[in-house]
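Worksheet: one structure, shown below.
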Amino acid sequence: MRRRNFLKNASLTGVGLAVGNSLKGCQDISPDGKKVVVSDKKTALPLVIATWHVIDATARAMEILQAGGTALDAVEQGCMVEEANEKGQSVGKGGLPDRDGNVTLDACIMDKHGNCGSVVYLKNITHAVSVARKVMEDTPHVMLAGEGAKNFALKKGFQPESLLTEASKEAWEKWKVEAQYNPIINIENHDTIGMLAIDKNGDISGACTTSGLAYKMAGRVGDSPIIGSGLFVDNEIGAAVATGLGEEVVKTVGSFLVVELMRQGKTPQEACEEAIKRIVQKPNSDFNNFQVGYIAVNKHGDTGSYSIHQWFSMTKYQGSVNQQIQSDYFKKA
C-alpha cells in the first residue's frame, strides 16, 4: 500500500510539475519586470515567417533549420532565394531600377545577440543580404554604403554582375514615356522580402533585402537596411520586419516599435496593428496613397501581420505546412 501510494503521489507530482512548467512558459517576464506575452498553446519549433508570397524562400530557410542550422543561417539562405529570383523584380537580380536605370540594393541582417550588419545603395552584387552579414561579422561597423559596400563585397569574394535584366529594362523604358511616380506598393509591386526565424533552440534572427522603390530618385534609401525601422530582433521578446513605403516606416521606427509593444504585453498581431495605426493616425497622413505592412513573431512563436491596405500577405512555415496567409488590414472601404 505504501508503495502504491508513493507511486500515485509521484505520478500526480509529475503532472503538477508538467502543468507548472507549461504555465510558466505561457507567462514570461521581461527584464524590467513586466509580463510580456500570454500564450495558451505550445508552438512547434522551428518556425519561419516572411513578407509576401515567398514559399520557395521559406522552404529553403526551413530546410536549414530542420538540418540543425541556426536561425541566422536560415534567414540569410531564405532571402538569397528571392535575391536570385530574376522574375520577382523586387529583390536582388532583376529588381526594378531607379529613374536612371540603375538597380541598387539595400539589405540588413540581425542575430540573436543583437549584432547587425547592413548595406545601402549596393550595385552589381546580387546577394546583398550576404554582404550585410559579412559587414556584421567581419568589420567593426554596422553599415556600409555605395562604392564602399561594393568594394568590400569584391574583397570578400563576391562576383560582380549586371542586375538589370531585359524584363526590368523593358519595364523601365515603358515607365520613362510618362515618368509618373506612384509610390503605392502592393501585391503587384511589392518591394521587399523580410524574413524572421526561430530555430530549435528558441533563438531568433531576421533579415531584410530589397531593390527599393521602382524608379526611385538615384541615391534613395528606404527603411529596409535601417536597423529598428525595416528590421529589429530582441531575442528575449521577439522580432519584426516591415515592407512598403520605407519613408513612412522610418518616421515611426516601425519594427522597433512593434517589438517594444510586444515587450509591453501586446501579442504580435496587436503590436502590428498598433504600429500601423501610428502611421495612419499621424496628422496629414496620406495613407490612402501608400502601403505599409508588418509581420512579427514573439519568443513563443506566436505570429502576427497587418497592413494599411488589402492584399498584403505573410508566408509562414511551421511543422509541415508552408503557406501564404492573407493579412488583415486597416483600410476597409
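We did not get these values from a lab; they are worked out from the coordinates using the rules stated. All values derive from a computational prediction rather than experimental measurement. Positions of Cβ are backbone-derived with ideal geometry, glycine not excepted, and every protein chain shown enters the neighbour counts.
Structure above, values below:
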quantity	calculated
Cα-centre dipole for the range 252-333 with unit charges at Cβ (Lys and Arg positive, Asp and Glu negative), debye to 20	40 debye
Protection-proxy order for peptides 218-225, 95-102, 292-299, 62-69, each taking the mean of Cβ atoms within 10 Å per residue, highest first	292-299, 218-225, 95-102, 62-69
Straight-distance crosslink candidates among aspartates and glutamates, where the alpha carbon sits under 15 Å from residue 155 and sequence neighbours closer than 8 are dropped	137, 138, 147
In Å, descending, principal axis extents of the Cα set of the range 29-329	55, 46, 36
Nearby aspartates and glutamates by direct alpha-carbon distance to residue 332 (threshold 18 angstrom, same-chain neighbours under 8 apart not counted)	270, 273, 274, 286
Cα-centred dipole magnitude for the range 29-329, charges only on beta-carbon of K, R (+1) and D, E (-1), debye, nearest 20	300 debye
The range 265-333 shape via C-alpha gyration tensor axes, a/c threshold 1.5	oblate
For peptides 159-165, 243-249, sequence by mean Cβ density within 10 Å, most packed first	243-249, 159-165
Cut-off under 5 Å, modelled amide H: who pairs with residue 295 long-range	241
Entries in 156/316; 87/316; 174/282; 150/200; 93/134 that, when Cα-Cα distance is taken, lie over 29 Å	156/316; 174/282; 150/200
Integer Hz, Karplus 6.51/-1.76/1.60 couplings in order for the range 253-264, x for Gly and Pro	6, x, 5, 4, 4, 4, 5, 5, 5, 5, 4, 7
Table column - 3J(HN,Hα) (Hz), the range 48-60, Karplus curve with 6.51, -1.76, 1.60, x for Gly and Pro	9, 10, 8, 6, 6, 8, 9, 5, 5, 5, 5, 5, 5
Most to least packed among 205-215, 168-178, 316-326 [average Cβ atoms within 10 Å]	205-215, 316-326, 168-178
